[in-house]
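Asker: My questions all concern the structure below.
The values are calculated or read from the model by the stated rules, or taken from the named source; none is laboratory data. Here the structure is a predicted model, which is why all the values come from computation and not from measurement. Glycine also receives a Cβ, built like all others from the backbone with ideal geometry; neighbour counts cover every protein chain displayed. What goes into the accessible areas is simple: the full protein's heavy atoms, side chains included, and nothing from ligands, DNA or RNA. Shrake-Rupley method; radii C 1.70, N 1.55, O 1.52, S 1.80 Å.
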Amino acid sequence: MNEELELFCEDVDEQLTFMENALITMQEDGVDDESVGALFRAMHTIKGTAGMFGFDDVVGFTHIAENLLSEVRDGKVKLTEDMIDTFFKVKDHTQKLIDIAVQNEPLDEFMQVTNDEFIKILKQMMPGTESQNEEEELIFDETTDGNGSDKELWHISFRLKPNFFASGMDIISILNFFPLLGEIKNMLFIGSKIPNIKEINPTEAYIGYEIEFLSDAPYSEIEEIFEFIIDDIDLHIFKADDADMLQALIENSDDNLDLKEELMANGFKNPFETEQKDETQHKSEAEAVEPKKVENTTAKEPLKPKESKKAPKKEVHKSFSLRVDSSKIDQLINQISEMVIANAKVTQRADILDDNELSESATILSDMLEEIRTGIMNIRMVQVGDSFNKFKRIVHDIAKKVDKEIDFEIIGGDTELDKMVVEKISDPLMHMLRNSIDHGIETPQEREKLGKSPKGHVTLKTYPDAGTIVIEISDDGRGLPKDKILSKAIDNGLVSKNSNLNDKEIYNLIFAAGLSTAEEVSDISGRGVGMDVVKSNIEALRGTVEIDSKPNEGSLFTIRLPLTLAIIDGFLVQSGDTKYIIPLEMIQECIELDDRYKKEMAGNEFINLRDSMLPLLDIRSYFKEGKAKSQRENVVVVRYGDYKIGMMVDELFGEFQTVIKPLGEVFKNVPGISGGTILGSGEIALIFDIPKLMEHKIRQTK
């Protein structure tokens, strides 16, 4: 796929998203002018860009949809709930047509039938369809083309401005759009301004066209053919029999030729002959009525041509956004990562040499690299709301399928998260939402018996917390059946009958492969497939998922994800012979484990920190490190979610820009380690997986 086609696909995806969001807004808040306008603009833009690529099936279909939306926008057609559902299907069908067109494949028989059926449905929604059909059967005269639609002959004149090619547009694509609205009856190429080969500038445009165009489209639709190049051409559109407009065009022409002579020689309509005949006829009639009238000898004023309907120049709103292939950003981040590692080596070398000037330069470079790193990482950060809005459609479709009423709410849509993380978390979230609707929310009848509102409530909430992003999916349904989950787990051999599990441990059993409490299998869920994949996908992003539930009150799924997967601010520590990195934003404080604390511990792994019991995890013992080289022991207090623990380490080195590197197949499943980084000395430092270490400590405490 070439670059232009990739940009087309990106733009179409964006327009279809706008369309879907507008339809969802209509369902939730009612029909308003803004939403209707968004629908119309999406269809119009898709039609225009598809026409430039010659995707006739897409253009033909979107043109019908656009016409209907134009009638809705003008208030001639009322947008009903059924029509909104139809436009959801129109959106999906448009996507399929585009996918086929991009693959350069013709419509198969099934798609052709489906396409024709959609067009038929859309035409039936047009105002006056029945009466119009009856009239078309009765009325047929010379003003029609045999299809019952009046057509007029238009004269279209345009010249490319010298900087036309800088727009990146192709004039052939524009000319290819004409047959979609009518028929080009005559076309004259104007190349009189092309200089000789020695003087020609290949970056400038010198040409133009005169066109006679037969169409039943109004002026505005014909003008829209040039929408994407309107500022890069001189355009005139008028009816071919308008002598005044043609005269004005000829008089204002700066072509190096006699434009009138060229037009007449090439068979263009001559409105001047018609005008002269009309004047002669009117003169004869006037003389017949008043034969003795004396002719006025006063010189007539020269005929002023009508003001040319030259396409008005649209105000240019310069966009400061730039579409860049994500792989280019990834490559830039990789290069910055290597620079961070190289700078760490320079900084360490400056310390070893005790060179103040080199140390100062290294510090300045470190600050600049951090600013660049932050800027590049911000490029990858996107608001989750833009991606999460698609879930509204999914929730709507599933609710309709299972005959339930759902009030779906997205909170915190302006929260920013790494684009890569957003894309990878999309499928797990979709699966969890399906489960909430299918399993969690009761039917309207069941809810009314329980004294609840017939309409269930599902919330998708996002917010930042302690260096992570929290995503919560909650519902006010029946909650998770704790006893049924435990019974199924025992039957499947996942736990023994004598296991003493708390509520959260029981709820976490739903993430086991093959476990399902659904009484019947549907095409939405119930096969016990998916929740295990959900958890593994979340953990692959170095995230965690927790469940809380209350009978007849609902369930809450809490997902915690890192802000980014590339570079983090870390805190460098050492335990035994190994250096470790702790994510800086998870650190609450650092304290020295002095004799007073050791005396309080009395062999237990707890300390009293400001009247609060803090569990400790001895890193040296957990990773079976050697004896400490330092006599001093330290505790780094970290928090993740609602949990807090102290990590016992030997030495503290301070903040460190950390480039996250994968550990490879051999070490990737080491519990408590999420990755590694390279220090300035060339040593490897391991990055702590704080959630896993906390999970271990909590189990150990029990």
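Asker: Using a basic spin-label model with each label point 7 Å from the Cα along Cα→Cβ, how many nm lie between N500 and R73?
Answerer: 7.0 nm
Asker: Taking 8 Å as the Cα distance limit and 6 or more residues as the minimum spacing, I'd like the relative contact order of the chain as a percentage.
Answerer: 8 percent
Asker: Separate question: Hey, with R₀ at 60 Å, roughly what FRET efficiency would E221 and Y463 work out to, going by the Cβ-Cβ distance, to 0.05?
Answerer: The value I calculate is 0.80.
Asker: While we're here: Using a Förster distance of 41 Å, how high is the FRET efficiency between K345 and F18, based on the Cβ-Cβ distance and rounded to 0.05?
Answerer: Calculated value: 0.25.
Asker: Hull surface divided by four, with the convex hull built on the Cα atoms of the stretch 563-630: how many nm²?
Answerer: Over every viewing direction, the Cα hull of the stretch 563-630 projects on average to 6.1 nm².
Asker: Continuing with this model, one more query. What percent of all Cα-Cα pairs in the stretch 1-80 falls into each 10 Å bin, going from 0 up to the bin containing the maximum distance?
Answerer: P(r) for the stretch 1-80, in whole percents per bin: 19, 47, 26, 8, 0.
Asker: Classify the stretch 155-212 as rounded, prolate or oblate, taking a ≥ b ≥ c as the square roots of the eigenvalues of its Cα gyration tensor: rounded when a/c is under 1.5, otherwise prolate if a/b is larger than b/c and oblate if not.
Answerer: Since a/c reaches 1.5 but b/c is at least a/b, the shape of the stretch 155-212 is classed as oblate.
Asker: Another question, then. State the extension gain, in nm to one decimal, for the chain segment bounded by M111 and S192, taking 0.36 nm per residue of separation less the distance between their alpha-carbons.
Answerer: 24.4 nm
Asker: Something else: Taking 0.36 nm per residue of sequence separation and subtracting the Cα-Cα distance, how much length would be gained by fully extending the chain between E695 and D231, in nm to one decimal?
Answerer: Net length gain for the segment: 160.8 nm.
Asker: At 0.36 nm per residue, minus the direct Cα-Cα distance, what do D325 and D56 gain on full extension? Give it in nm, one decimal, please.
Answerer: So the extension gain works out to 94.0 nm.
Asker: Please compute, over every Cα-Cα pair in the stretch 443-514, the percentage with a separation greater than 14 angstrom.
Answerer: It works out to 71 percent of all Cα pairs.
Asker: If you roll a 1.4 Å probe over the chain with all protein chains in place, what percent of the accessible area is carbon or sulfur?
Answerer: 49 percent
Asker: Please work out the FRET efficiency for the pair M264 and E423, using the Cβ-Cβ distance as r and a Förster radius of 56 Å; give the result to the nearest 0.05.
Answerer: Calculated transfer efficiency: 0.35.
Asker: Treating each Cα of the chain as an identical point scatterer and ignoring solvent, apply the Debye formula and state log10 I(q)/I(0) at q = 0.10 Å⁻¹.
Answerer: Treating every Cα as an identical point scatterer, log10 I(q)/I(0) equals -1.12.
Asker: May I pose another question? Can you give me the distance in nm between label points at K624 and N356, each placed 7 Å from the Cα along the Cα-to-Cβ direction?
Answerer: 5.0 nm
Asker: A follow-up question, please. Expressed as a rounded percentage, what relative contact order does the stretch 33-121 have, with Cα pairs under 8 Å and six or more residues apart?
Answerer: Relative contact order for the stretch 33-121 comes out at 28 percent.
Asker: Points 7 angstrom from Cα along the Cβ direction at E3 and D82: gap in nanometres?
Answerer: Going by the 7 Å Cα→Cβ label model, 4.9 nm.
Asker: Taking the radius of gyration and the Kirkwood hydrodynamic radius from Cα positions alone, what is the Rg/Rh ratio for the stretch 355-505, to two decimal places?
Answerer: A ratio of 1.19.
Asker: Rolling a 1.4 angstrom probe over the protein heavy atoms, how many square angstrom per residue are accessible across the chain?
Answerer: I get 56 Å² per residue for this part.
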